[in-house]
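The values are calculated or read from the model by the stated rules, or taken from the named source; none is laboratory data. The structure displayed is predicted, hence computed values, not measured ones. Cβ sites come from the backbone with ideal geometry, for glycine too, and all protein chains shown count toward neighbours. In case anyone asks, the SASA skips ligands and DNA or RNA and just uses the protein heavy atoms, side chains included. Shrake-Rupley method; radii C 1.70, N 1.55, O 1.52, S 1.80 Å.
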Amino acid sequence: PSPGTLCRTKPTDLVFIIDSSRSVRPHEFEKIKVFVSRVIEALDVGPNATRVGVINYASAVRSEFSLQSHPSKAALLQAVRRIQPLSTGTMTGLAIQFAISRSFSAAEGGRGSAPNFKKVAIVVTDGRPQDGVQDVSARARAAGIEIFAIGVGRVDMGTLRQMASEPLDEHVDYVESYSVIEKLTHKFQEAFCVVSDLCATGDHDCEQVCVSTPGAYKCACRDGFSLNSDGRTCTACNGGLGSALDLVFLIDGSKSVRPENFELVKKFINQIVDSLEVSDKQAQVGLVQYSSSVRQEFPLGQFKNKKDIKAAVKKMSYMEKGTMTGQALKYLVDSSFSAINGARPGVPKVGIVFTDGRSQDYISDAAKKAKDSGFRMFAVGVGNAVEDELREIASEPVAEHYFYSADFRTISKIGKKLQMKICVEEDPCECKSIVKFQTKVEDLINSLQQ
């Protein structure tokens with residue numbers, strides 16, 4: 001979930017006070033707008049939840065929109081996009097005074113009288129003010145406004161401290177340039193979060209390390225351990241980060257597969273992708289579809305993470321013609337596992353061939369060449385696939401490398417077995433957790449069936 005969906009933000013009247021004086025370049029001002037948008041995205045926006053206003057200042061102060069202008073998040077984000085810089089001096093004190101007297105007033109949508117509403121101002125500036133900020137900031141804080149001061153570049157740190165609320169180390173931030181202001185986004189998403197740190201409150205069940213995100217957490221393990229599939233416990237590793245692997249799927253898109261089954265095949269691919277550790281150093285995945293011709297959907301290493309691979313698999317369109325398995329195997333050997341197409345020298349190569357019918361061309365030579373080249377070949381057949389062909393494609397020991405099922409709906413079971421097979425020989429550390437998880441799931445299913 002996006003940050004903030006789990007994180008109920010306290011109802012807050014939030015006003016951004018942003019410096020757009022001469023020293024802020026137009027492209028830098030765009031970065032401020034991105035930062036403001038990101039913070040807004042994580043909030044619970046609504047007339048009764050959090051309201052947001054923006055004051056833009058330079059020599060003069062301009063209210064871009066008030067706390068009551070935009071009741072929805074979409075409208076707020078649109079309004080932020082429209083803000084233009086003023087490009088003159090730096091009257092920070094004047095802008096804070098404007099916030100006290102106007103922005104947080106009931107007339108502009110402020111809800112100051114109710115005790116459970118927070119009032120927060122976030123000031124972003126890159127200069128030293130041409131007026132005083134100390135007294136006016138003290139008045140603002142006395143009026144119950146919590147002030148965060150963000151300084152950029154050659155800002156005067158003293159004035160940031162004069163503006164900000166206590167404790168200063170939580171309310172004063174400095175970034176060296178506008179290009180990195182976004183790294184503060186996370187801090188502010190957390191600052192507005194009611195239950196921001198579930199790790200600190202002990203609301204978790206991680207065995208070793210708990211990593212907090214706004215309103216959520218995930219478990220991790222100390223160095224030398226790998227996280228088990230339950231996402232909670234850890235297993236000691238011998239070996240590194242999970243093994244390197246070049247995996248190419250060769251998928252039959254012939255017309256006998258039928259559209260609804262083609263969707264099941266995509267799920268099957270993604271189920272296996274899910275069990276891999278994808279990165280430059282670990283698993284890379286390629287995808288080739290064949291029917292009367294052969295089409296590379298994407299080569300090894302084009303996508304660097306599971307999410308992108310899975311999205312590309314879902315997008316694959318169905319070719320719906322013949323079944324040239326031999327031609328496809330030849331393509332796998334000659335092209336898919338070549339360095340030009342992203343294959344890494346010295347990394348184990350695995351091919352998973354999926355078909356639902358007899359090949360219309362000759363497969364023996366290409367099948368033999370694939371195995372002779374040292375590729376580990378798995379053959380998965382469904383429906384009218386011919387077992388002799390599957391055995392011919394499969395690596396030794398054949399019984400462990402070919403799978404057949406009469407029905408497309410059961411291919412997810414094959415996927416489970418395959419995850420273990422691909423994994424076991426590469427790196428026991430990565431695998432132990434998968435295998436443990438599989439046996440747990442299988443026991444559970446068996447006990448339900450009795």
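Just a few scattered comments:
- Identity of the residue in region 339-377, of a type in the set (Ser, Thr, Tyr) and open to solvent by less than 30 Å² (accessible area, probe 1.4 Å), that ends up nearest to the chain's Cα centre (by Cα): Thr355
- Pick from region 303-328, criterion among the hydroxyl-bearing types (Ser, Thr, Tyr), in a loop (DSSP other than H, G, I, E, B) and open to solvent by less than 60 Å² (accessible area, probe 1.4 Å), ranking: farthest from Ile352 (Cα to Cα): Tyr318
- Any hit, region 254-267, residues being touching a Lys or Arg at 6+ places or on another chain (Cβ under 7 Å), touching a residue at least 60 places away in the same chain (Cβ under 8 Å) and of a type in the set (Ser, Thr, Tyr): yes
- The set of residues in region 369-415 that are charged (D, E, K, R) and in a strand (DSSP E or B) contains only Arg376.
- Residue match in region 176-184 (condition: open to solvent by less than 60 Å² (accessible area, probe 1.4 Å), closer than 19 Å to Gly53 by Cβ and of a type in the set (Ser, Thr, Tyr)): no
- Number of the condition not met by Ala328 [criteria: (1) without any contact (Cβ under 8 Å) to a residue 12 or more places away in the chain; (2) over 27 Å from the mean Cα position of the chain (by Cα)]: (1)
- Residue identified as open to solvent by 40 Å² or more (accessible area, probe 1.4 Å) and within 21 Å of Ile145 (Cα to Cα) among Glu64, Glu41: Glu64
- Qualifying positions in region 21-37 - touching a Phe, Trp or Tyr at 6+ places or on another chain (Cβ under 9 Å), part of a helix (DSSP H, G or I) and surrounded by fewer than 18 Cβ atoms within 10 Å (Cβ to Cβ): His27, Glu30
- Ala328 vs. criteria out of contact with any Phe, Trp or Tyr (no Cβ under 8 Å at 6 or more places or on another chain) and within 22 Å of Asp372 (Cα to Cα): no
- On the stretch given as region 256-302, residues that are in a loop (DSSP other than H, G, I, E, B) and of a type in the set (S, T, N, Q) total 7.
- Residue in region 129-141 that is under 19 Å from Leu86 (Cα atoms), at pLDDT below 90 and charged (D, E, K, R) present: no
- Residues that are among the hydroxyl-bearing types (Ser, Thr, Tyr) and in a strand (DSSP E or B), drawn from region 165-174: Tyr174
- Top-ranked residue in region 47-61 [being open to solvent by 10 Å² or more (accessible area, probe 1.4 Å) and under 31 Å from the mean Cα position of the chain (by Cα); ranked as nearest to Ala99 (Cα to Cα)]: Arg51
- Residue within region 236-245 that is buried (at least 16 other Cβ atoms within 10 Å of the Cβ), of a type outside the set (Gly, Ala, Ser) and at pLDDT below 75 present: yes
- Residues that are in contact with a Ser or Thr (Cβ under 6 Å, 6 or more places away or on another chain) and under 20 Å from Ser63 (Cβ atoms) occur at least once in region 101-109.
- Residues in region 175-208 that are small (Gly, Ala, Ser) and in a helix (DSSP H, G or I) were compared, and the one that is modelled with the lowest pLDDT is Ala191.
- Subset of region 45-86 [more than 20 Å from Pro26 (Cβ to Cβ) and either among the small types (Gly, Ala, Ser) or in contact with a Cys (Cβ under 8 Å, 6 or more places away or on another chain) (or both)]: Gly46, Ala49, Gly53, Ser63, Ser66, Ser69, Ser72, Ala74, Ala75
- Summed over region 262-312, the residues that are among the hydrophobic types (A, V, I, L, M, F, W, C), within 19 Å of the chain's Cα centre (by Cα) and at pLDDT 90 or above give a count of 5.
- Taking region 87-164 and the helices (runs of 4 or more DSSP H) fully enclosed by it, no element has 1 or more residues that are outside the structural domain of Gly46 (by the TED database) and either more than 27 Å from Pro26 (Cβ to Cβ) or open to solvent by 20 Å² or more (accessible area, probe 1.4 Å) (or both).
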